[in-house]
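Read the structure below first, then the notes.
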Amino acid sequence: MRSLIRLAKAHPSALRFLVVGGIGFVITMVINYGLKLFVIPQHPVTALAVGTIIATVVSYVMNKKWSFDDRGDRHTGYEMFLFVIVSVIGIGLNSAPLYLSRYGFHLEVPNVTRTHQEVADFVSGPVIGTMIAMVFRYWAMNKFVFPERAELVDVLSPTSPSTSSNPTV
């Protein structure tokens, strides 16, 4: 437990990112299964993508205002553009295992039972796909969308070599 607390203190943005991701996961699953079971049962990849897109919009606001609130000096429009690019790649990474499971390995009715299909869909999309996309998104958010602010160095400080009164020989 102490190591978890130490980790949270050392990387607070990562912990907040995981909380936002958990909320996004719940949003994705509710929409995904709502669409998959009641609206478009013949299009599971589309249902997952729609759920992920809606959760992504919510996560942008939460990540900007909470997870990475101490970062990012970019213009909001540019930041949103980068977020959309990262998110589109993330949605592709999130959907790819489900697509492979359904259409590459043919884990769908009538090739397998409905139960096997649903388990394969859940493991490949929401579990494996989400883990792959989460790692990518955290890395990309840190690197490109919400980078750490550069520390300003006072060039004219008395300790700066250029303003020192003692010349070096």
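Just so it is clear, none of the values below were taken in a lab; they were calculated from the coordinates. Bear in mind the structure is a predicted one, so any value in this text is a computation, not a measurement. In this analysis, Cβ positions are derived from the backbone assuming ideal geometry, glycine residues included, and neighbour counts consider all displayed protein chains.
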Mean separation of Cα contacts under 8 Å, 6 or more apart, over the residue count of the stretch 12-148: relative contact order %: 28 percent
Only Lys, Arg (+1) and Asp, Glu (-1) charged, at Cβ; the stretch 12-148 dipole about Cα centre in debye: 40 debye
Among 104-113, 117-126, the order from most to least packed when residues are scored by Cβ within 10 Å on average: 117-126, 104-113
